[in-house]
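So the structure is just underneath, and the comments pick up after that.
The values are calculated or read from the model by the stated rules, or taken from the named source; none is laboratory data. None of the values given here were measured: they were computed from a predicted structure. Every residue, glycine among them, receives a Cβ derived from its backbone with ideal geometry; neighbour counts consider all protein chains shown. SASA here: full protein model, heavy atoms, side chains in, ligands and nucleic acids out. Shrake-Rupley method; radii C 1.70, N 1.55, O 1.52, S 1.80 Å.
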Amino acid sequence: MSGRQENHQIPPWTTDPPDPESPPDTPSTVTPSRPRTGITDLADEILTIIFEYCIEPKTEQSYYTPPLVLLPVCRRWFNVAISSTTLWTSILSGWAGPSRVAQWLQRSQPRLLTIQSGLISPLDEEVYRARKKDVFGLVLGEIHRWEKATMMLGELQTTEFLRRLQPESAFPLRTLELNLHHCPENMIPRLGQALDEACPNLDDLQLQVSCCDYTVLANFPIHRVQTITFDCRLTTEIAIYLMSRCTGASTIVINSPRYMAEEELRPCLEKTPLPTLNTLRLVTSFDPVPFLKFFDLPELQSLEYELTRALEPRDKVATYFAEAEFKLTRLHILDILMDDHSAFAIVCTPPLQQAQNVDIMYGNFKRVLNAIGNFPSKDECPPWFHRARVEVARFNNGAKARQITTYPPPPPLPRELPAAIF
């Protein structure tokens with residue numbers, strides 16, 4: 001029994017470290033155990049980083065989402081969260097009252113802010129409207145700390161906003177998204193002029209307007225921002241005018257899916273150069289080819305356009321690509337009336353020879369799907385054709401379509417490790 005008990009005794013080195021002066025009896029396969037580290041043992045700096053990863057941008061704020069949900073866990077979490085200014089920099093002004101928003105602004109000092117403000121409607125109840133007005137005033141009082149702002153402006157908010165905007169008052173503001181569907185049209189040009197003077201470092205501007213003419217958006221700083229988005233009903237002439245003013249933009253998005261009656265285009269006597277434009281996305285109801293011919297786009301690398309209504313068959317698309325001087329790495333097309341001939345002609349044009357991401361979706365194709373037979377010979381195909389596929393897809397309305405899309409490039413093979421590290 002004594003020998004059997006000795007075999008079941010706990011080895012001393014699992015509880016106490018072995019004596020380095022005593023000679024080893026036999027080689028041991030048991031390694032000393034390491035103390036486990038729990039979240040309570042982490043430093044405050046590391047705990048703050050973990051808390052920051054819990055914050056999801058543009059998420060509906062409430063008492064059940066970070067950072068507020070972290071406060072009642074324990075006293076240490078409460079103290080760490082309250083002292084971490086970065087946790088309080090995103091403010092959605094519609095979910096809480098003035099006292100809560102003022103507390104939030106105080107905890108975020110002196111960090112830059114990300115602001116989201118909803119509409120103050122005249123149809124709201126008087127008490128609720130007064131509370132939202134007080135909150136909006138508190139947020140406007142910190143305009144000198146705005147870095148990103150998303151705002152839906154009505155007449156009341158636009159009036160107060162114009163009163164607070166002064167030259168360079170929003171100096172750190174870099175991203176601004178404005179929904180102006182409820183803003184009086186006669187106030188929009190004044191707002192654009194005030195923002196041009198108040199935001200010298202603005203890089204990204206997104207404008208949503210119900211309907212506009214040449215003068216409504218002309219005063220906004222579209223000539224110096226790097227990324228500009230127009231989300232409004234535009235005719236071809238107005239779209240040409242606005243895009244020709246975006247001389248410093250690297251990315252332009254024109255989202256005008258709703259139909260507007262087209263007038264006859266003026267002749268293009270001289271192309272407008274856009275030397276810095278790298279990415280262009282069009283969601284339109286008009287033919288993109290006459291529109292694109294008004295511009296010289298030497299540095300264009302990513303082009304995406306989507307036609308939202310059926311126009312006449314367009315053989316000019318392939319001709320435009322064959323004559324274009326840009327070299328695309330990315331091309332996405334959604335065109336319900338493009339046919340096989342035009343799609344495969346675009347594939348073989350010079351701008352797509354070095355493309356890496358191609359997706360052409362069109363609806364006018366033959367019933368018998370013979371992908372390889374429909375393509376030109378392999379000698380004429382660009383290099384990306386060898387990792388492309390042709391398949392039947394569907395549009396959003398359920399109609400059948402054909403899709404030419406590239407496979408992602410295979411991951412690089414790992415290099416052999418030198419034998420010296422083994």
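What pairs can you find where one residue is in the stretch 285-299 and open to solvent by less than 10 Å² (accessible area, probe 1.4 Å), the other is modelled with pLDDT under 85 and among the aromatic types (Phe, Trp, Tyr), and their Cβ atoms are less than 7 Å apart, with a gap of 6+ or different chains?
Ser285/Tyr259
Scanning the stretch 26-60 for residues that are closer than 30 Å to Gly94 by Cα and exposed (fewer than 10 other Cβ atoms within 10 Å of the Cβ), which turns out modelled with the highest pLDDT? Even if it seems obvious, please write down each step before you answer.
Residues of the stretch 26-60 that are closer than 30 Å to Gly94 by Cα, as a first pass: 47-60.
Subset that is exposed (fewer than 10 other Cβ atoms within 10 Å of the Cβ): 53, 57.
Values: Tyr53: 85, Pro57: 67.
This residue is Tyr53.
Mind listing whichever residues of the stretch 218-231 are surrounded by fewer than 22 Cβ atoms within 10 Å (Cβ to Cβ) and either of a type outside the set (A, V, I, L, M) or part of a helix (DSSP H, G or I) (or both)? Before the answer, list the steps.
First, the residues of the stretch 218-231 that are surrounded by fewer than 22 Cβ atoms within 10 Å (Cβ to Cβ): 218-219, 221, 223-224, 226-227, 229, 231.
Across the stretch 218-231, the qualifying residues are Asn219, Pro221, His223, Arg224, Gln226, Thr227, Thr229, Asp231.
Of the conditions (1) touching a helix residue (DSSP H, G or I) at 6+ places or on another chain (Cβ under 7 Å); (2) under 11 Å from Ile91 (Cβ atoms), Glu160 clears all except one; give me its number.
Evaluating Glu160 over (1) touching a helix residue (DSSP H, G or I) at 6+ places or on another chain (Cβ under 7 Å); (2) under 11 Å from Ile91 (Cβ atoms) leaves (2) as the failure.
Just checking, does the stretch 137-146 include any residue being part of a strand (DSSP E or B) and modelled with pLDDT of 90 or more? Show your work before the answer.
Narrowing the stretch 137-146 to residues part of a strand (DSSP E or B): 146.
If we keep only those that are modelled with pLDDT of 90 or more as well, we get 146.
Checking the stretch 137-146: at least one residue is part of a strand (DSSP E or B) and modelled with pLDDT of 90 or more.
Go through the stretch 175-209 and give me each residue that's loosely packed, with under 15 Cβ neighbours inside 10 Å and in contact with a helix residue (DSSP H, G or I) (Cβ under 9 Å, 6 or more places away or on another chain).
Correct list: Pro184, Arg190.
Please list, ordered by first then second residue, the pairs with beta carbon atoms under 6 Å, 6 or more apart or interchain, first in the stretch 96-124 and closer than 14 Å to Leu138 by Cα and assigned to a helix (DSSP H, G or I), second modelled with pLDDT of 85 or more and open to solvent by 70 Å² or more (accessible area, probe 1.4 Å).
Within 6 Å, the pairs are Pro98/Asp134.
Can you give me the number of residues within the stretch 171-193 that are assigned to a loop (DSSP other than H, G, I, E, B) and charged (D, E, K, R)? First the steps, then the outcome.
Going through the stretch 171-193, the residues assigned to a loop (DSSP other than H, G, I, E, B) turn out to be 171-174, 180-184.
If we keep only those that are charged (D, E, K, R) as well, we get 174.
Summing the residues that are assigned to a loop (DSSP other than H, G, I, E, B) and charged (D, E, K, R) in the stretch 171-193 gives 1.
Being among the basic types (Lys, Arg) and under 12 Å from Pro98 (Cα atoms) is the filter here; which residues of the stretch 130-147 pass it? Walk me through how you get there before you give the answer.
Of all residues in the stretch 130-147, those among the basic types (Lys, Arg) come to 131-133, 145.
Arg131, Lys132, Lys133 - these are the residues of the stretch 130-147 that are among the basic types (Lys, Arg) and under 12 Å from Pro98 (Cα atoms).
If I filter the stretch 133-143 for residues that are open to solvent by 70 Å² or more (accessible area, probe 1.4 Å) and touching a Ser or Thr at 6+ places or on another chain (Cβ under 9 Å), do I get at least one hit?
Step one: filter the stretch 133-143 for residues open to solvent by 70 Å² or more (accessible area, probe 1.4 Å), giving 133-134.
Next, only the ones that are touching a Ser or Thr at 6+ places or on another chain (Cβ under 9 Å) stay: none.
Looking through the stretch 133-143, none of the residues is open to solvent by 70 Å² or more (accessible area, probe 1.4 Å) and touching a Ser or Thr at 6+ places or on another chain (Cβ under 9 Å).
Filtering the stretch 124-164 down to residues that are aliphatic (A, V, I, L, M) and touching a Leu at 6+ places or on another chain (Cβ under 7 Å), which residue is nearest to Thr251 (Cα to Cα)? Spell out how you get there, then give the answer.
Applying the first criterion (aliphatic (A, V, I, L, M)) to the stretch 124-164 yields 127, 130, 135, 138-140, 143, 149, 151-153, 156, 162.
If we keep only those that are touching a Leu at 6+ places or on another chain (Cβ under 7 Å) as well, we get 138, 149, 151-153, 162.
Details: Leu138: 33, Ala149: 19, Met151: 21, Met152: 23, Leu153: 25, Leu162: 28 Å.
Here the residue is Ala149.
Starting from residues that are closer than 16 Å to Ala401 by Cβ and surrounded by 13 or more Cβ atoms within 10 Å (Cβ to Cβ), keep the ones in the stretch 350-368 and report whichever is modelled with the lowest pLDDT.
Phe365
Checking Pro167 against (1) in contact with a Phe, Trp or Tyr (Cβ under 7 Å, 6 or more places away or on another chain); (2) farther than 21 Å from Arg281 by Cβ; (3) open to solvent by 40 Å² or more (accessible area, probe 1.4 Å); (4) of a type outside the set (Asp, Glu), only one condition comes out false. Which one?
Failing condition for Pro167: (1).
Identify, please: which residue in the stretch 312-349 is touching an Asp or Glu at 6+ places or on another chain (Cβ under 7 Å) and open to solvent by 30 Å² or more (accessible area, probe 1.4 Å) and is, among those, modelled with the highest pLDDT?
Applying the filter and picking the extreme gives His332.
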